[in-house]
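Structure first, commentary second.
The values are calculated or read from the model by the stated rules, or taken from the named source; none is laboratory data. Predicted model only: the values in this text are computed from it and were never measured. Neighbour counts run over all protein chains shown; Cβ positions are idealised from the backbone, glycine included.
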Amino acid sequence: MAKQITNNILMIRPVAFRMNEQTAVNNYYQQVLEGLDAKQIQTNALKEFDEYVEKLKAIGVDVIVIGDMVEPSTPDSIFPNNWVSFHESGRVGLYPMFAENRRLERRQDVLDSLVEQGFKIDEIIDLTKYEQEGKNLEGTGSLILDRENKLAYAALSERTNQEVLDVFSEKFGYKQVVFHSNQTVEGERLPIYHTNVMMCVADQFAIICLDSIDDKTERAETVAALTNSGKEVIDITEDQVNRFAGNMLQVLGADQPYLIMSTAAYTSLRPEQIKRIEHHCPIVHSSLDTIEALGGGSARCMMAEVFLPKS
């Protein structure tokens, strides 16, 4: 059976982090931070990044940190999980991206670096051609993978296209659990840009904002898929999603699994929710306030899991 969690995490250290105007059109979590110039924003983001990496290393996670490049300008490079995924089969997925400047994040040297560190890449599944048709599937932002049960949970949006999802499912052998997930923006229900903002699947449990799935049938089918695959379902609110409580990832530390999240996410959780999570594994959280505000993404987005076999 495939593993659900890994000890190997790829992260991209930013050199010029800023708010990406190309993603803000449908990422409603992005905010303008008044009074901060570009230098201070990068300084703050780098401090948050480095402290986060140290917390992961402290629990025994193998963090592979690769530095971003100044050119071309890639303000969201800190979120590598959207352009690439790594699988136990030795295959790598490359994904079509909504924002044109995010497509520049894809780097062959990142893959080469993993090979140099002993990981084995047997095949690259390149889905990026769909960008030319305006059809996107942004990696494990769009896809919440239950790797053990070969289920791919996906909330359809401008970033998550059904046709590309069908191709992914065929190539990687996943059964789909598809739904629509919304948030309230100025009184209007609009699609949540990434599935991983409202949902996290761990080895024995899942965290999900059921209220964001407005269609009752889709909601019931999603819950059934989770429970039938043996997951305890821990529901979170839309307010908690706004604090990135859905943007979590379970990783394997030196001695046991841990659930990783931001401090904003952690402080939004109710005591009984924390208790239910900690019944399964400890929680580790780190402050990501600048990255969350300007990037509209959080702890999970910053980690690309490396499940590749060692050569």
ask   = When the residues of the range 40-74 are filtered to those that are farther than 18 Å from GLN256 by Cα and small (Gly, Ala, Ser), which remaining residue is surrounded by the fewest Cβ atoms within 10 Å (Cβ to Cβ)?
value = GLY67
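Okay, residues lined up against (1) touching a strand residue (DSSP E or B) at 6+ places or on another chain (Cβ under 6 Å); (2) part of a strand (DSSP E or B); (3) surrounded by 17 or more Cβ atoms within 10 Å (Cβ to Cβ); (4) of a type outside the set (Phe, Trp, Tyr):
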| position | (1), (2), (3), (4) |
| --- | --- |
| ASP239 | no, no, no, yes |
| ILE260 | yes, yes, yes, yes |
| THR267 | no, no, no, yes |
| CYS281 | yes, no, yes, yes |
| LEU294 | no, no, yes, yes |
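Does GLU131 satisfy being touching a strand residue (DSSP E or B) at 6+ places or on another chain (Cβ under 9 Å) and either of a type in the set (Ser, Thr, Tyr) or in contact (Cβ under 8 Å) with a residue 24 or more places away in the chain (or both)?
On the way: touching a strand residue (DSSP E or B) at 6+ places or on another chain (Cβ under 9 Å): no; either of a type in the set (Ser, Thr, Tyr) or in contact (Cβ under 8 Å) with a residue 24 or more places away in the chain (or both): yes.
No.
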Yes/no for LEU259 being in contact with a Leu (Cβ under 7 Å, 6 or more places away or on another chain) and either modelled with pLDDT under 95 or of a type outside the set (Val, Ile, Thr) (or both) = no
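Are any of the residues in the range 131-142 among the β-branched types (Val, Ile, Thr), farther than 23 Å from MET199 by Cα and modelled with pLDDT of 95 or more?
no
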remark   = So, first residue free of Cβ contacts under 8 Å to residues at least 40 places away in the same chain in the range 261-277, second residue assigned to a helix (DSSP H, G or I) and of a type in the set (Phe, Trp, Tyr), Cβ within less than 9 Å, six or more apart or across chains; the pairs are SER262/TYR52; ILE274/TYR266
Out of ARG219, ARG243, sole residue that is under 22 Å from HIS194 (Cα atoms), part of a helix (DSSP H, G or I) and touching a helix residue (DSSP H, G or I) at 6+ places or on another chain (Cβ under 7 Å) = ARG219
ask   = Assuming SER77 fulfils every condition listed in (1) without any contact (Cβ under 8 Å) to a residue 60 or more places away in the chain; (2) surrounded by 23 or more Cβ atoms within 10 Å (Cβ to Cβ) apart from one, which condition is it?
value = (1)
query = Only one of these conditions is not met by GLY230: (1) part of a helix (DSSP H, G or I); (2) loosely packed, with under 15 Cβ neighbours inside 10 Å. Which number is it?
reply = (1)
message = Going residue by residue through the range 95-112, is there one that turns out to be among the polar types (S, T, N, Q) and at pLDDT below 95?
response = yes
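Mind telling me which of the residues PHE205, PHE172, PHE179, PHE168 ends up being of a type in the set (Phe, Trp, Tyr) and closer than 21 Å to ILE260 by Cα? Can you show your working first?
Numbers: PHE172 fails: closer than 21 Å to ILE260 by Cα; PHE179 fails: closer than 21 Å to ILE260 by Cα; PHE168 fails: closer than 21 Å to ILE260 by Cα.
After ruling out the rest, the residue left standing is PHE205.
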inquiry  = Going by what's in this entry, would SER89 be described as crowded, with 21+ Cβ neighbours inside 10 Å, at pLDDT 95 or above, under 18 Å from ARG147 (Cβ atoms) and of a type in the set (Ser, Thr, Tyr)?
reply    = no
note = When (1) buried (at least 17 other Cβ atoms within 10 Å of the Cβ); (2) among the acidic types (Asp, Glu); (3) in contact with a Leu (Cβ under 9 Å, 6 or more places away or on another chain) are applied to ASP126, the one that fails is (1)
note = When every residue in the range 248-258 that is outside any strand (DSSP E or B) and within 19 Å of the chain's Cα centre (by Cα) is compared, the one farthest from ILE41 (Cα to Cα) is GLY253
